[in-house]
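The values are calculated or read from the model by the stated rules, or taken from the named source; none is laboratory data. Remember, predicted model here, so these are calculated numbers, not experimental data. Positions of Cβ are backbone-derived with ideal geometry, glycine not excepted, and every protein chain shown enters the neighbour counts.
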Amino acid sequence: MLQTSEDQNAERIRQAFNANRRKMTVQLARELGVSEVEVIRCLPDNLAVELDVSRWEEIIRRFEALGQVHVIVTNNAATLEAFGPFGKFSVFGEYFNVQTKSLDMHIRHAQLAAIFAVEKPGHVDGVNTLSFQFYDQSGTAAFKVFLTFGGKAPPGEKVAQFAGIREDFRLR
């Protein structure tokens with residue numbers, strides 16, 4: 001059977017990921033010349049489950065019950081990491097806002113194109129991380145919400161919360 005160039009690209013991404021599963025997906029995307037969302041879509045062994053992006057607000061509101069999370073926003077020039085709980089939601093114009101003492105996010109939700117529940121080894125120590133990753137229309141990460149960030153295995157409660165959100169919003 002002949003492989004399409006899309007199949008060959010997916011296989012190339014999977015092979016590169018399997019060579020070093022700890023590598024950050026954004027770095028892998030840059031090295032391979034593809035969007036980060038392409039890397040996420042090609043992760044093997046159901047490590048990334050696509051969620052229903054049309055339910056973005058419900059998903060974000062569920063984060064309030066998670067307590068302290070690690071939020072990462074990256075662009076081509078900088079990365080910002082913040083720790084805190086989601087909550088104090090509001091809408092103003094094109095923005096969906098999260099405004100707690102430690103998180104002040106203004107999300108242009110119309111730009112969101114994909115959301116994934118991702119479970120993979122962390123880049124620092126290889127310990128499993130659990131995250132929800134939001135991608136824009138260009139395939140670039142808009143923001144990532146980590147329930148765990150390595151150091152030690154995720155506690156059972158966090159694993160259950162992650163699995164619950166993943167299953168409730170899984171793209172069917």
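Quick look at the values:
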{"item": "Tally, over the stretch 1-16, of residues that are assigned to a helix (DSSP H, G or I), polar (S, T, N, Q) and in contact with a helix residue (DSSP H, G or I) (Cβ under 9 Å, 6 or more places away or on another chain)", "result": "1"}
{"item": "Residue match in the stretch 140-150 (condition: assigned to a loop (DSSP other than H, G, I, E, B), more than 19 Å from Ser35 (Cα to Cα) and out of contact with any Phe, Trp or Tyr (no Cβ under 7 Å at 6 or more places or on another chain))", "result": "yes"}
{"item": "Given (1) of a type outside the set (D, E, K, R); (2) surrounded by 20 or more Cβ atoms within 10 Å (Cβ to Cβ); (3) within 22 Å of Asn76 (Cα to Cα), number of the condition Gly33 does not satisfy", "result": "(2)"}
{"item": "Restricting the stretch 80-126 to residues that are surrounded by 14 or more Cβ atoms within 10 Å (Cβ to Cβ) and among the β-branched types (Val, Ile, Thr), the residue that is nearest to Leu43 (Cα to Cα)", "result": "Val118"}
{"item": "Subset of the stretch 1-30 (residues that are within 17 Å of Pro121 (Cβ to Cβ) and exposed (fewer than 11 other Cβ atoms within 10 Å of the Cβ))", "result": "Ala19"}
{"item": "Any pair with Cβ under 9 angstrom, 6 or more apart, that starts in the stretch 149-163 at a residue that is at pLDDT below 95 and ends at one that is part of a helix (DSSP H, G or I) and among the aliphatic types (A, V, I, L, M)", "result": "Ala153/Val159; Lys158/Leu66"}
{"item": "The one condition in (1) under 14 Å from the mean Cα position of the chain (by Cα); (2) β-branched (Val, Ile, Thr); (3) exposed (fewer than 15 other Cβ atoms within 10 Å of the Cβ) that Ile72 fails to fulfil", "result": "(3)"}
{"item": "3 or more residues more than 25 Å from Pro154 (Cα to Cα): qualifying helices (runs of 4 or more DSSP H) within the stretch 17-119", "result": "25-32"}
{"item": "Residues that are touching a helix residue (DSSP H, G or I) at 6+ places or on another chain (Cβ under 9 Å) and either aliphatic (A, V, I, L, M) or part of a loop (DSSP other than H, G, I, E, B) (or both), drawn from the stretch 122-139", "result": "His123, Leu130, Gln137, Ser138, Gly139"}
{"item": "All positions within the stretch 42-63 that are touching a strand residue (DSSP E or B) at 6+ places or on another chain (Cβ under 8 Å) and without any contact (Cβ under 8 Å) to a residue 40 or more places away in the chain", "result": "Arg61"}
{"item": "Hey, Thr148 under 11 Å from the mean Cα position of the chain (by Cα) and either surrounded by 13 or more Cβ atoms within 10 Å (Cβ to Cβ) or under 13 Å from Val71 (Cβ atoms) (or both) or not", "result": "no"}
{"item": "Where a residue in the stretch 100-114 is over 16 Å from Ile59 (Cα atoms) and its partner, wherever it lies, is surrounded by 12 or more Cβ atoms within 10 Å (Cβ to Cβ) and modelled with pLDDT of 95 or more, with Cβ under 6 Å and at least six apart", "result": "Thr100/Gly84; Thr100/Pro85; Thr100/Gly87; Thr100/Lys88; Ser102/Gly84; Leu103/Ala82; Leu103/Gly84"}
